[in-house]
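Coordinate-derived values only; no laboratory data. Everything numeric here is computed off the predicted structure, so don't read it as measured data. Virtual Cβ from ideal backbone geometry, glycine too; neighbours counted across all protein chains shown.
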Amino acid sequence: MESSPERACPSCAAPADGQQRWCLECGGELPGPRRPGLRPAVGMATTLAVLVGAASAGGYTVLQEGKQPPPPATTVAQAPPAATAPQTLPPVTQAPAPPTSVPSMPSAPTPPPSSGAGGVATPPSSGSSTGGTNGGSTGSADGSVESEPEDPASTTPEPEPQLALTDIALGAAAVVYAPYAPQNADLGDASRTVDGSTRTVWKAPAAADPAASPQIGVYVDLAGKERIRKLVIDTPTPGMTVEIYGAVNGPPATITDAGWSHLADRSEIEGETTIKLPARPYRYVLVWITAPPTDGARPAISELSLLSMQPE
């Protein structure tokens, strides 16, 4: 019996037996042994298959000559089946309910705008509106606008201030007016005439001739123009004669100055004398003594009151 031809390992070229499958040197797989006579048979089978195929193709061409090839198949998209509409029942006829009166409720305050994404404030819905405290309009559910009644307190005019006769000389500045007296003469303290007490008295300086005109007086500075209605003089020496003057600026330097306006005069006044004055604005009001008391006493004034209409 013939031995199988030797083969060589394709990896390490080590000799191998014809029936050996694995290389004993490197362990690689050896190719299978060749079988003589197999190649001619395979070649003949291949040639025969080519000839049969060529003949079939030629015959098919002859048969199909003169015929149009069929059009390519097209795929038509089919719409999904229509959904079956739900069966609706006929509406039930019901008689409307009688309207009922609903008491009006105060409108709720509008909530503050909320912040959306990114910190942007979302404005309130345009369908809501609130009325103010002095009346306004509110939107109803059906879109109509209802007017709210106005607050009667906001439409009521403010009451006018009540005026009353007030002594505005009380606490004002009182000054002895003696333009013809010597500079070193003791004129006394005129502030006692506006201190609100008849117990304190201002007295004119003693004169060399008690029967002569004193040529002295007291004026009140009101620090602003006021309309005087009445002048009240309280004196412990009744019987003297006085003249009343008023001035807007000054006071004027002398009694004959045109800045003084003659308002009234009284002869032999009593212990309390009220003199009505024209209601014209003056800042300075002067009580000018033109004659001493009939008993020859030194003229004196305990209180001067200037009555004006002032708010209560």
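Observations on the model:
- When the inverse distances between all different Cα atoms of the stretch 159-257 are averaged and flipped, the Kirkwood radius reads 15.6 angstrom.
- Taking 0.36 nm per residue of separation and subtracting the current Cα-Cα distance, fully stretching the chain between R21 and L48 would add 6.3 nm.
- Here is the list for the stretch 178-281: trypsin sites (Lys or Arg not before Pro) lying in DSSP coil, each with at most 16 other C-beta atoms within 10 angstrom of its C-beta, are R199, R229.
- Distances between placed amide hydrogens fall under 5 Å for D189 paired with K203, all partners being 5 or more residues away or on another chain.
- Remark: the T254-E268 segment gains 2.6 nm on full extension, using 0.36 nm per residue and subtracting the alpha carbon distance.
- Among the GluC sites (Glu not before Pro) found in the stretch 190-298, those both in a DSSP coil and sparsely packed, with 12 or fewer other Cβ atoms within 10 Å of their Cβ, are E270.
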